[in-house]
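Each value in this text was obtained by applying a stated rule to the coordinates, not by laboratory testing. Keep in mind that this is a model prediction, so the values were computed, not measured. Positions of Cβ are generated from backbone atoms using ideal geometry, with glycine treated the same way; all protein chains shown enter the neighbour counts.
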Amino acid sequence: MSHPLSALLQLYIVVIFARVILSWFPISPDSPMAGVYRLVYSLTEPVLGPIRRVMPSVGFGGMGLDLSPLIVLFALELLIIPIVRSAGL
């Protein structure tokens, strides 16, 4: 059985991945997915927004590549490792 904090952080990782994937598709404000996107956005923007302000998008093929999800995912993995080790899992 995993540590509850580790499980919560892993769930947040899934939410961040959902945001990244949803950002690849145009979502109409009146579509059923709009509510899902708003929920995912409201859960992730408080963490991703400050990182995005400090580290702007990287130019890539004429488009901006937002690295904030990658940085947060890396940081979360670094947090999970000692939690799992301390729990003896």
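Worth pointing out:
- The chain: Rg to Rh, with Rh as the Kirkwood radius over Cα pairs: 1.05
- Estimated FRET transfer efficiency when R0 is 25 angstrom, pair TRP24-SER86 (beta carbons, to 0.05): 0.10
- The GLN10 and MET63 beta-carbon pair, evaluated with R₀ = 35 Å, returns a calculated FRET efficiency of approximately 0.70.
- Less than 5 angstrom separates the built amide H of LEU67 from those of VAL58, all sequence-distant by 5 or more or on a different chain.
- The HIS3 and ILE71 beta-carbon pair, evaluated with R₀ = 25 Å, returns a calculated FRET efficiency of approximately 0.60.
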